[in-house]
Amino acid sequence: MKFLVAFILILSSSLSEAQSLKKLIEIGDQYNKDGDYYGASLEYAKAVAIDSIDIHLLFKYAESLRKYNNHQLAAYYYQKIYGKDRGRIYPIGLFWLAEMQKHNQDYRNALKSWKKATSLFKKDKKSYEYMRARHEGLSTSWAMRAIKDIAHDVTVTNLGEGVNTSNWEFSAVKFNEKLLFSSLRSENTGPNLQVLDNDYHVHIYQASYTEDSWLESKKMNASFNSENYNTAAGTFSKDGLRFYFVQAGNDYKSAIYMAHYDNNKWSEATKLTGDINGNFIATQPFFFELNEKEYLLFSSNRPGGQGKLDLYYAPLQTESQTGEVINLGKQVNSPDDEVTPYYDSNLNTLFFSSKWHKNLGGFDVFKSIGPLDKLGQPINMGQPINSSWNDFYFSADHNGQGFLTSNRIGSIFEKGPTCCNDIWSVLLPTEQRKTDEIVIETLADLNKYLPVTLYFHNDCPNPRTTDTTTALNYITTYNDYHDLMPTYKFEYSAGLNEEKSIEAQLDIEDFFNDFVDQGVKDLALFTKLLLTELEKGQNIELTIKGFASPLAKTDYNVKLTGRRITSLMNYLREYNTGEFNEYIDATAENGGTLSFNKIPFGEYTASNLVSDNVNDQKNSVYSRAAGLERKIEIQSITQAKRDSVYAEISCSQALYDFGSITEGDKVSHEFVIYNSGTKPLEIEKVVTRCGCSVAEYDQKPIAPGASTKIKITVDTKGMIGKQVKSVTVVANSFPRNKRLVLTSEVLKK
């Protein structure tokens, strides 16, 4: 009888426990459905205390922990799940284990987990999971090195309890001495901070600055900031009268809106029309002006992107209507999320956050330099701006003061130390906020920014030819070269063990970032400075030297380097639709000229450590050492007058006045040109600036000390009043040209 009673009691207890377990899971599932992942985790934790074997329950618990950013505990349970099923039931569990380990800066174990995940998902090599796991091999290895570097001259500080709470605060922007920011919080929480009645909403709040801190935080008083919508992430027009922001219902499917602010009053919200909004997410707008035109940057999962959320920009045609939306391209966008764009038009730099590229963990802040249609390779902003947690909504003004959103350690919390986002202030060193304003007063000053070194793929441009010139310009060859970076990484790391393979791939990435890409940035700056000097009327000669790796024969490499030098000259010819042409052709009105001293060394100066074995392409083509030899250098810039080398063109009277003449007259004058140099003077051409002038001259070489005549005839038909006509003599001399001027006053018949 005692045994029977005990059995009934045990059975009753088991049934009660099973009912309790089922109820806990149901409540947890509902919290999870409502987006209260912290509440869900509390219910699942109680359930796990009853049944710690059920792998499905463990997975639900781990997922809820991950979604409210409890990375350490989530890693523990994903590890348990993988230990039980080895990825058979929940392969994604291994994927999330690797991500949690990276968040926790457990980089070595994260690297192992990413490698296992790569093998687990390799059946579908186009899947996001496979591409991300494979990418994270490099990214995590990079993080292992980068985590040791901290920029101590950058300060990141929590804004404190005047702004931040234990909920989510994000997207700070200054406005009229106030701080506007967004917050996801609930006014209706029950025991253990669980949200009642699905009462989470995002609204825009404002705080005032008092003494040395932001205080008096309260919800912004505007009709669009209502309980019926989630409203967030604002940006102001330059005049401060328009506010662009995001609004969504409880489904968080957001669109971009605009409201006016005038006389301390807010208008109703207007949903933007045009191409920007649609049946997709459009979020995180940022307003900027460029060349007196207005644009919005934003993040969206609209069709046609690289994957998940991409960055786009669109011109504003009116205050509330955009033109065609443009994707920022695969240089910035990735198969993962890119968010929170901010463009500094003074620095010509895009700042954004991404879970892709090379990151320390979670979202990191990156910068990409260049115009929006030609952005450079994303550069990680490093510590302390970035952490192994989530870092986004970066901004900074011209004084280097700005804001950052992060859930890093040090955030205010009740649910967990990395649960929720806070707003942090950022202070950058002053020199990081300066534009590239470089004062150039002399040619010697310009020489300080040399050499400019430009790199090439093997046997490019125009492979397998003996031509000494090319029709391609350098930027075309650079773009093709940069697109080969994955091939270089693959070939150079082939046959190496895992650790050495990752190091080899990182070595190639560093070469492209630090040398190939840097060369293009240096060229862009140098080109602007060079044009500035030419616009002053300078006569300039560039000395350009070409180099090659020793893979081909010497005479072939000399011709190859000749083609490489020509590609740079073509780049200058095509720059800004031909701004350099009048200087290269020596026809500029101001007398400025640009010429080239070309020295194609071939491989004469190549390092003997570089392989010349055609069968060893890993080292002779794809190695960093070989890449460093395939280059041209702008090595010096000199004033273009060297009598010992060039003929010298001179004219005792370079201006002739016809006086008063009658409309329709044809008048002529002969200028006498002398060769005052030490080489024969050859007139290449005489350039007239209108169809009204004709030049006649002898094309025979002029010996040193000798002279020739150039006859200029001007037809005054259709001319009235004072006239200035000029022609330019172009020769093999320094200066390369000589301007001859004819003046007159044309009277009516």
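The values are calculated or read from the model by the stated rules, or taken from the named source; none is laboratory data. From a predicted model like this one, the values you see are computed outputs, not experimental measurements. Backbone-built Cβ (ideal geometry, glycine too); neighbour counts: all protein chains shown.
Per this entry, Ile81 is counted among residues that are part of a helix (DSSP H, G or I) and touching a Gly at 6+ places or on another chain (Cβ under 8 Å).
In the set (1) within 20 Å of Asp336 (Cα to Cα); (2) in contact with a helix residue (DSSP H, G or I) (Cβ under 7 Å, 6 or more places away or on another chain), Asn109 fails one condition alone, (1). For region 203-256, filtering for residues that are buried (at least 19 other Cβ atoms within 10 Å of the Cβ) and on the phi > 0 side of the Ramachandran plot leaves 1. Here Asp310 meets each of (1) surrounded by fewer than 13 Cβ atoms within 10 Å (Cβ to Cβ); (2) among the acidic types (Asp, Glu); (3) within 19 Å of Val332 (Cβ to Cβ) with one exception, condition (1). Would you confirm whether any residue within region 720-743 is over 50 Å from the mean Cα position of the chain (by Cα) and assigned to a loop (DSSP other than H, G, I, E, B)? So far as region 720-743 goes, yes, one or more of its residues are over 50 Å from the mean Cα position of the chain (by Cα) and assigned to a loop (DSSP other than H, G, I, E, B).
Checked against (1) small (Gly, Ala, Ser); (2) in contact with a Pro (Cβ under 9 Å, 6 or more places away or on another chain); (3) within 30 Å of Ser217 (Cβ to Cβ), Gly160 passes all but condition (2). Within region 91-100, can one find any residue that is within 19 Å of Pro335 (Cβ to Cβ), among the charged types (D, E, K, R) and in a helix (DSSP H, G or I)? Among the residues of region 91-100, at least one is within 19 Å of Pro335 (Cβ to Cβ), among the charged types (D, E, K, R) and in a helix (DSSP H, G or I), which makes the answer yes. Look at Val727 and say whether it is touching a residue at least 12 places away in the same chain (Cβ under 8 Å) and closer than 30 Å to Asn597 by Cα. The answer is yes for Val727. From the list Ser345, Ser353, Ser334, the lone residue that is touching a residue at least 40 places away in the same chain (Cβ under 8 Å) and surrounded by fewer than 24 Cβ atoms within 10 Å (Cβ to Cβ) is Ser345.
Among the conditions (1) assigned to a helix (DSSP H, G or I); (2) of a type in the set (S, T, N, Q); (3) in the same structural domain as Arg408 (by TED's automatic domain parsing), Thr118 misses just one, which is (3).
Out of all the residues in region 342-358, is one or more in contact with an Asp or Glu (Cβ under 6 Å, 6 or more places away or on another chain), within 22 Å of Gln518 (Cβ to Cβ) and not hydrophobic (A, V, I, L, M, F, W, C)? Taking every residue of region 342-358 in turn, at least one turns out to be in contact with an Asp or Glu (Cβ under 6 Å, 6 or more places away or on another chain), within 22 Å of Gln518 (Cβ to Cβ) and not hydrophobic (A, V, I, L, M, F, W, C). Scanning region 503-533 for residues that are under 21 Å from Thr140 (Cα atoms) and in contact with a Phe, Trp or Tyr (Cβ under 9 Å, 6 or more places away or on another chain) turns up Ala504, Gln505, Leu506, Asp507, Ile508, Glu509, Phe511, Phe512.
Regarding region 127-150, can at least one residue be identified that is part of a strand (DSSP E or B) and in contact (Cβ under 8 Å) with a residue 12 or more places away in the chain? Yes, that holds for at least one residue.
Being surrounded by 13 or more Cβ atoms within 10 Å (Cβ to Cβ), assigned to a helix (DSSP H, G or I), modelled with pLDDT of 90 or more and polar (S, T, N, Q): is that true of Ser41 here? For Ser41, the condition - surrounded by 13 or more Cβ atoms within 10 Å (Cβ to Cβ), assigned to a helix (DSSP H, G or I), modelled with pLDDT of 90 or more and polar (S, T, N, Q) - is met. Hey, can you tell me all the residues within region 367-418 that are hydrophobic (A, V, I, L, M, F, W, C) and assigned to a loop (DSSP other than H, G, I, E, B)? Result: Leu372, Leu375, Met381, Ile385, Trp389, Ile409, Ile412, Phe413.
When Lys521, Lys528, Lys536 are checked against the criterion of being surrounded by fewer than 18 Cβ atoms within 10 Å (Cβ to Cβ) and not in a helix (DSSP H, G or I), a single residue qualifies: Lys536.
Matching residues to (1) acidic (Asp, Glu); (2) modelled with pLDDT under 80; (3) surrounded by 18 or more Cβ atoms within 10 Å (Cβ to Cβ); (4) over 17 Å from Ser425 (Cα atoms):
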{"position": "His135", "(1), (2), (3), (4)": "no, no, yes, yes"}
{"position": "Thr157", "(1), (2), (3), (4)": "no, no, no, no"}
{"position": "Glu169", "(1), (2), (3), (4)": "yes, no, yes, no"}
{"position": "Glu177", "(1), (2), (3), (4)": "yes, no, no, no"}
{"position": "Phe181", "(1), (2), (3), (4)": "no, no, yes, no"}
{"position": "Glu187", "(1), (2), (3), (4)": "yes, yes, no, yes"}
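Among the residues of region 267-307 satisfying the criterion of being of a type in the set (S, T, N, Q) and surrounded by fewer than 20 Cβ atoms within 10 Å (Cβ to Cβ), which is farthest from the chain's Cα centre (by Cα)? In this case the residue turns out to be Ser267. Considered as a group, the residues in region 492-506 that are buried (at least 17 other Cβ atoms within 10 Å of the Cβ) and not aromatic (Phe, Trp, Tyr) include one that is modelled with the highest pLDDT, and that residue is Ser493. If we scan region 109-125, do we find a residue that is in contact with a His (Cβ under 9 Å, 6 or more places away or on another chain), of a type in the set (Gly, Ala, Ser) and either surrounded by 19 or more Cβ atoms within 10 Å (Cβ to Cβ) or within 30 Å of Val202 (Cα to Cα) (or both)? Yes, the conditions are met somewhere in region 109-125.
The condition of being farther than 26 Å from Leu742 by Cβ and modelled with pLDDT under 85 holds for Lys679. Of all residues in region 707-749, those satisfying the criterion of being more than 17 Å from Ile673 (Cβ to Cβ) and not charged (D, E, K, R) are Val714, Thr716, Gly718, Met719, Ile720, Gly721, Gln723, Val724, Thr743, Ser744, Val746, Leu747.
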